[in-house]
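Everything on this sheet refers to the single structure shown next.
Values in this text are rule-based calculations from the coordinates and carry no lab data. Since we're looking at a predicted model, the values are computed, not measured. Neighbour counts run over all protein chains shown; Cβ positions are idealised from the backbone, glycine included.
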Amino acid sequence: MSKIVKGIEASPGIAIGKIFLYQENELVIDDKKKCDSDCEKERLLSGREKAKEQLLKIREKTAEKLGEDKAAIFDGHITLLEDEDLFDEVVELIEDEEICAEIALQKGIDDYCEMLANLEDEYLRERAADLRDIGKRWLYNVAGVEILDLGSLPPNTIIAAKDLTPSDTAQIDLQNVVAFITEIGGKTAHSSIMARSLELPAIVGTGNICSLVKSGDNVIVDALKGDIIINPTEEEIAKYQEKKEAFFAEKELLKQLKDKEAISKDGVKVGAWANIGSPKDIEGVLRNGAKGIGLYRTEFLFMNNDRFPTEDEQFEAYKIVAEKMEGKPVTIRTMDIGGDKSLPYMQLPKEENPFLGWRAIRVCLDRPEILKTQFRALLRASAFGYIKIMLPMIMDITEIRRARAILEECKEELRAVGAKFDENIALGIMVETPAVAFRARSFAEEVDFFSIGTNDLTQYTLAVDRGNENISHLYNTYNPTVLEAIRMAIKGAHEAGITISMCGEFAGDENATAILFGMGLDAFSMSAISVPRIKKNIMALDKAKCESLVEEVMAQKTPDEVLAIVKKFNKENLK
Ligand code: PEP
Ligand code: MG
């Protein structure tokens, strides 16, 4: 008998495969017993050998998938693992205290990390996070407990996990993994956003999937509806196989719009752009016919690293994107770290409310050397295409002025050495806080463009955490207050004579196209996979009709009332 579990559809598609349960094995250590030192030293050494073998394998795979430069990170990890001072310290603990290798090693790593964290040298300080990671691998090997690896899994694997961090998602073996399911998270969590750009079906917020499945179970993931069918029957498999084929067929059909512009029936043209997280995503952008990049989330460049990327490394990444887009707009956002995106090597403080805390522009203005390096790289890359710079999480005009002053300083330095860059490079901001929406015109007078980040604007307007599945029913961009904030942002931008796009996930919501078009949005930027559908919607719409829809929608009082009107309108006007 099959069983159906419901979740939130985070990335569309259908997958049929076998579960891989991604749950950390627990390490239980008996700290009471006295141990034989020689035997424990032997275990310590053999655990280190095994950890080294595993790291060498990961290094080899990384070199194949991502190139030699990324693989070289693991050479540093192996050097740390083989640090003789650390080894001697742990052996001393085993001998002096007659404790087992696991306890001695854990203590040795903790002491060593604390020592590193207190050093002046930033590079050495940042090694503490690496050492924790390597130390864990060593510890698990000493204890004979398996370490789960998302990078090499059998064909047709569906990962089930409590949660996946963005860096877990980045490690997924895309050749063999066909979908993932998590217990927590919402549609706008960053692992969901990454799943969409990888075109990997995903269902999140299922509550308890890990206690309902075990590795090897057959499962169907219907990420169009949010259904997970555990142990499906033959008939169900056949039915979903058909649904999967129909989904692919429609995807192919929509791609025929690839070379078309998004122009409405009455001749109004808007931008149909894509969001990316890395230069690798450009392939999907071009395949889906996006005419620009409305958001390049650069923080993944910082996260998939074991230290801050250098100016040259950043320059290379931005230059590739600018060149591949051949003069089309490429909006690059400065590092938006914090919230649910951590940087292991930066040791961000643990905060009670990370989404309201030290994140994005706040980090960059407190650590201006980070912003300066990024601005210099962006300016240099601007000589190779049409780059626009965007600042995240703005809530005060002073933040813009301070960032602009740093940008001017960078321009001055580059001029002094004769480096080429776009003198008129556009500087814009994300509209993610009600603080900007309320006084949109004042902010708009300070910048060259706006882009609405509805993922954050919704959570900050409604005071509803975007990643908390317990309140995901409250997280609703169709809430009339959020729509009002969007309308105010568009109005303020246009009054000040600047353009405004949207790069939050709402831009890719096919139900929302008519309202946003009617409000006057200039460009829609979304996961590449959504571009063809939104283009098709625009081509079926009439601006004047959409303006009337907006009037009707804004007179409603609840999200459900709004949705009822929108759906009725879409039924009559789309398809
Ligand atoms: C947003 O907040 O809508 C946005 C696009 O930024 P991010 O999802 O990266 O926070
Ligand atoms: Mg945001």
Taking a ≥ b ≥ c as the square roots of the eigenvalues of the Cα gyration tensor, with a/c under 1.5 meaning rounded and otherwise prolate when a/b exceeds b/c and oblate if not, the range 274-339 is prolate
Sorted by Cβ density within 10 Å, fewest first, the residues 364, 410, 39, 503: 39, 410, 364, 503
Would you mind ranking 473, 190 so that the residue whose beta carbon has the fewest other beta carbons within 10 Å leads the list? 473, 190
Of all DSSP beta bridges located in the range 263-574, what percent are antiparallel, nearest 5? 5 percent
Residues listed by number, the range 513-532, amide nitrogen under 17 Å from residue 575 label point at 7 Å toward C-beta: 513-514
Full-extension gain between residue 175 and residue 68, please, as 0.36 nm times their residue separation minus the C-alpha to C-alpha distance. 36.5 nm
May I ask you to evaluate 6.51 cos²θ - 1.76 cosθ + 1.60, the Karplus curve with θ = phi - 60°, for each residue of the range 449-458 and list the ³J(HN,Hα) values in order in whole Hz, giving x for glycine and proline? 7, 10, 9, 7, x, 5, 4, 7, 4, 5
Once Rh is set to the Kirkwood radius over Cα pairs, what Stokes-Einstein translational diffusion coefficient, in µm²/s, holds for the chain at a temperature of 37 °C and a viscosity of 0.692 mPa s? 128 µm²/s
Which distance in nm do the two modelled labels at residue 208 and residue 110 give, with both placed 7 Å along the Cα-to-Cβ direction? 3.4 nm
Could you sort 20-26, 560-566, 462-468 so that the peptide with the highest average Cβ count within 10 Å comes first and the rest follow in order? 462-468, 560-566, 20-26
Cβ crowding within 10 Å averaged over residues, with 260-269, 131-140 ranked highest first: 131-140, 260-269
Please give the helix 311-324 orientation as an angle from the longest Cα principal axis of the chain, in degrees from 0 to 90, rounded to the nearest 10. 40 degrees
Please report 400, 500, 276 as a ranked list, fewest other C-beta atoms within 10 angstrom at the top and most at the bottom. 400, 500, 276
Full-stretch length increase - residue 548, residue 53 - with 0.36 nm per residue and alpha-carbon distance subtracted: 171.6 nm
Could you tell me which of 566, 387, 347 has its Cα farthest along the dipole of the chain towards the positive end, charges placed at Cβ (Lys, Arg +1; Asp, Glu -1), taken about the Cα centre? 566
Give me the percent relative contact order of the chain, please, defined on Cα pairs under 8 angstrom at least 6 residues apart. 15 percent
For an R0 of 35 angstrom, estimate the FRET efficiency from the Cβ-Cβ distance between residue 446 and residue 311 and round to the nearest 0.05. 0.85
Point-to-point label distance, residue 217-residue 484, nm (Cα→Cβ direction, 7 Å offset): 4.5 nm
By how many nm would the segment from residue 148 to residue 558 grow when fully extended, if each residue of separation counts as 0.36 nm and the alpha-carbon distance is taken off? 143.1 nm
Prolate/oblate/rounded label for the range 54-209 (Cα gyration tensor, a/c 1.5): prolate
Extend 7 Å from the Cα of residue 540 along its Cα-to-C-beta direction; within the range 493-521, residues with backbone N under 20 Å of that point are 506-521
What angle, in degrees between 0 and 90 and rounded to the nearest 10, separates the Cα long axis of helix 84-97 from the longest principal axis of the Cα atoms of the chain? 60 degrees
Relative contact order for the range 430-575: what percent, with Cα pairs under 8 Å and sequence separation of 6 or more? 23 percent
Is the range 263-574 rounded, prolate or oblate when judged by the Cα gyration tensor, a ≥ b ≥ c being the square roots of its eigenvalues, rounded requiring a/c under 1.5 and prolate requiring a/b larger than b/c? prolate
Counting sequence-distant residues (5 or more places) and residues on other chains, those with an amide H built under 5 Å from that of residue 328 are 386
Packing-based order for 376-385, 518-527, 542-551, using average beta carbon neighbours within 10 Å, highest first: 518-527, 376-385, 542-551
